[in-house]
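This report concerns only the one structure given below.
What follows draws every value from the coordinates through simple rules; no lab data is involved. Predicted model, so just to flag it, every value in this text is computed and none were measured. As a convention, Cβ positions derive from the backbone with ideal geometry for all residues, glycine included, and neighbour counts pool all protein chains shown.
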Amino acid sequence: MRHSILFVTAFATLASAPILAAEQPGKGITVKPVQSTISEETFQTLLVSRALEKLGYSVEKPSEVDYNVAYTSLAAGDATFTAVNWKPLHDDMYAAAGGDAKFYRSGTYVSGAAQGYLIDKKTAEKYHITKIDQLKDPKLAKLFDANGNGKADLTGCNPGWGCEAVINHQLKAYGLSKTVEHNQGNYAAMMADTLTRYKEGKPVLYYTWTPYWVSDVLKPGRDVVWLQVSHSSLPGKQKNVDTKLPNGANYGFPVNTMHIVANKAWAQKNPAAAQLFAVMKLPIADVNAQNALMHEGKSSEEDIQNHVDGWINAHQDTFNGWLDAARSAAK
């Protein structure tokens, strides 16, 4: 009888091994996520991490580095994936670090990421400002002068983000070098100053992007307006991109998509993870909503983990579908 019990137990263990392997194809494999220092990107990174954990992978806490360092680390195999590859904004950095030869990129994680220049609606209407090119006029530029040097102060983009190269290029292309100053530093701190100026009723000029909390606080159409450009002009690999929209409007930046990018060699050895990266899709409205919660003060690590839990609970079927697709790829 004892031998029978042992046999049954051993058989059950052997039978469960393939099931466990099928359920958790990532068992015993460590994943190193990487993202930028923008804390609002943590939500979409952790959502990928959580899915990988369900597949059995051991996922480390995301490392925060500049984008160009992220791509270099991924190419070298020192990091596993990033969930915040912007296309085409990061095309030059992506290519410089090795491009498709070094990276795995399949599917689109987030669609409809807009960016551009905005000013407060009151000033736009009073002075009939609709295009950033109009700030060539020193009188109009001076309206946005915050430090008394006669130039418009543009709350701009941190060095290394990719958008700073576009802004610097466009200031020259639109003849704004003498009248507009591109302020760079800590974007969140600079935007806090910009918001203070806006609340004091002073004119404001800034660059921003979606998904991010800024457009939830300063709402385009209600508080501020997007400025257009006279013609498309972008640097590097984006130089031939036409930024004009189907409706004829041109805000100077193409609408971007965001992708999960992984080290190519690692992805080839991990078909389950590669398939997961390809099928995950996150609505931009959900990222905006989560970013707004962070701006309202719910921005601790625990808060963001709770936001991820909440999203998964609200979209359990979708989440399970990603896992099923990933497990199928591993068979």
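If you find the alpha carbon centre of segment 186-256 and of segment 273-306, how far apart are they in angstrom? So the separation of the two Cα centres works out to 22 Å. If only the Cβ of Lys and Arg carry +1 and only the Cβ of Asp and Glu carry -1, the dipole of the chain around its Cα centre is close to 660 debye.
Label point of Leu195 set 7 angstrom out along Cα-Cβ; within segment 287-305, amide nitrogens under 19 Å from it belong to 287-301, 303-304. Go ahead and collect, in residue order, the members of segment 279-296 whose backbone nitrogen is under 16 Å from a label point 7 Å along the Cα-Cβ direction of Asp324. Of the residues in segment 279-296, 279-281 have backbone N under 16 Å from the label point off Asp324.
Distance between the 7 Å Cα→Cβ label points at Val217 and Lys122: 1.8 nm. Can you work out the FRET efficiency for the pair Ala265 and Leu245, with r the C-beta to C-beta distance and R0 = 51 Å, to the nearest 0.05? The formula returns an efficiency of 0.85 here. If a/c stays under 1.5 just call it rounded; otherwise compare a/b with b/c (prolate if a/b is bigger, oblate if not). Do that for segment 181-228, with a ≥ b ≥ c from the square roots of the Cα gyration tensor eigenvalues. Because its axes are fairly even, with a/c under 1.5, segment 181-228 counts as rounded. Within straight cross-link reach of Lys298, meaning Cα distance under 13 Å, which aspartates and glutamates are found once same-chain residues fewer than 8 apart are removed? Within the straight-line limit of under 13 Å, Lys298 reaches these aspartates and glutamates: Glu40. Short-range pairs are left out: with C-alpha atoms under 8 Å and at least six residues apart, the relative contact order of segment 115-238 is 42 percent. Distant-in-sequence amide contacts of Thr208, defined by a placed amide H-H separation under 5 Å and a gap of 5 or more residues or a different chain, comprise Gly116, Leu118. According to the square roots a ≥ b ≥ c of the eigenvalues of the Cα gyration tensor, what is the shape class of segment 115-238, taking rounded for a/c under 1.5, prolate for a/b larger than b/c otherwise, and oblate for the remainder? Here segment 115-238 falls in the rounded category. Exposure proxy for His90, His315: other Cβ atoms within 10 Å of each Cβ, ordered fewest to most, give His315, His90.
Straight-line reach from Lys244: taking Cα to Cα under 24 Å and skipping same-chain neighbours fewer than 8 places apart, the lysines in range are Lys87, Lys121, Lys131, Lys136, Lys172, Lys219. Spacing of the modelled spin labels on Lys131 and His295, each 7 Å from Cα toward Cβ, amounts to 2.9 nm. Here is what passes the span test in the chain: the DSSP H helices with alpha carbon length of 27 Å or more along the helix axis and a Kyte-Doolittle mean of 0.5 or above are 2-23. Note on the chain: dipole from Cβ charges, positive end direction compared against Gly107, Ser230, Tyr57; the farthest Cα belongs to Ser230. The helix-only estimate of mean residue ellipticity at 222 nm for the chain, built from DSSP H runs of length n ≥ 4 each weighted as -39500 (n - 2.57), is -13000 deg cm²/dmol after division by the residue total. Less than 5 angstrom separates the built amide H of Val31 from those of Ser58, Val59, Glu60, all sequence-distant by 5 or more or on a different chain. Bridging of Lys269 to aspartates and glutamates at a Cα separation below 16 Å is possible for Asp78, once same-chain residues fewer than 8 apart are set aside. Given +1 at the Cβ of Lys and Arg, -1 at the Cβ of Asp and Glu and no other charges, the dipole of segment 134-253 around its Cα centre is 280 debye to the nearest 20.
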